Amino acid sequence: MEQMFDLLDRVHAKCPEITYIYDLPLKSVEKRPLRVIVFSDNPKTHELLEPEFKYVGNMHGNEVVGRELVLTLAEYLCHEYKNGNEQIKKLVDNTRIHLLPAMNPDGWEIAVQHAWNTSKPGQFKDIETMLKEHGTTDWTAGRTNANGVDLNRNFPDLDEFIYAYNQEVNHRNNHLNLETFVALTSGKDCHDQPYQVETVTVAFWIMQNPFVLSANLHNGDIVANYPYDDSANHLRMYSPSPGKDLPNLWNENKNALINFMWQLNQLVDGIFIH
């Protein structure tokens, strides 16, 4: 962990004008910080109309590629910005990018200790040695957090919240609210596990920042998740999103909509622009 923190500190020291380092409010089960580095021309503050992004690595402690990619991205953004890369300068100056290299630092430590070669100080076991000692039974060592909970299965089912909100009159269904966060701290996940401290602090992070896009980097397979991928009654059935009719509405009214948008574009504060 210290090596990771040192790297983040070096990046910040090299690019202090566009970076800011902070920890999420809560630490891991074993009291390790969940540290974030931010890139922006005004990294400490959200600016109106400036999109916020977040990239998360190492949710599964034994999946280290995401962690390394996020750290490499931090170095790359700093280096290219300093070197005058116009594309990177435009990206950093017009967005705010939050990088969390390790969401599950306890799991990473478990995985490291499992792979450490005690007979050869300073070296990890090779794959053949690990298979010889443990077979294929311990490949998940470090996947979970220190409580043995899979953090990737520990977030609330937001489909349930949206279906419940839709039953209430005048309830906004396009934003999370404090009720959702309270449910995080008091309920259980889909595997009947209590919500973990790492999950709660990341959820609070999400609610405190208007992220418009996010990436969570894993190892090993290709998975696609999307909103409304569960039905209201949890049965295997067609579960459409509210926007399912938009493509047809656009195609059927394309010319009228384009003309309407063009007219709006001509009007600024009540004055037509010629």
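Some notes on this structure:
- Matching residues, region 12-52, being of a type in the set (A, V, I, L, M, F, W, C) and crowded, with 19+ Cβ neighbours inside 10 Å: Cys15, Ile18, Leu24, Leu34, Val36, Ile37, Val38, Phe39
- Here Val36 meets the list (1) in a loop (DSSP other than H, G, I, E, B); (2) out of contact with any Asp or Glu (no Cβ under 6 Å at 6 or more places or on another chain); (3) of a type in the set (A, V, I, L, M, F, W, C); (4) touching a residue at least 12 places away in the same chain (Cβ under 8 Å) almost entirely, failing just condition (1).
- Residue within region 242-249 that is of a type in the set (A, V, I, L, M), under 27 Å from Leu100 (Cβ atoms) and at pLDDT 85 or above present: no
- Selection from region 187-225 of residues that are among the β-branched types (Val, Ile, Thr) and out of contact with any helix residue (DSSP H, G or I) (no Cβ under 9 Å at 6 or more places or on another chain): Val197, Thr201, Ile206, Val212, Ile222, Val223
- In region 2-21, the residues that are more than 12 Å from Phe39 (Cβ to Cβ) and of a type in the set (S, T, N, Q): Gln3
- Test: residue in region 75-98 that is buried (at least 17 other Cβ atoms within 10 Å of the Cβ), modelled with pLDDT of 95 or more, small (Gly, Ala, Ser) and in the same structural domain as Leu217 (by TED's automatic domain parsing): no
- Within region 1-33, the set of residues being within 19 Å of Glu198 (Cβ to Cβ), touching a residue at least 40 places away in the same chain (Cβ under 8 Å) and in a loop (DSSP other than H, G, I, E, B) comprises Met1, Leu24, Pro25, Leu26, Lys27, Ser28, Val29, Glu30, Arg32, Pro33.
The values are calculated or read from the model by the stated rules, or taken from the named source; none is laboratory data. This is a predicted model, so every value here is computed, not measured. Positions of Cβ are generated from backbone atoms using ideal geometry, with glycine treated the same way; all protein chains shown enter the neighbour counts.
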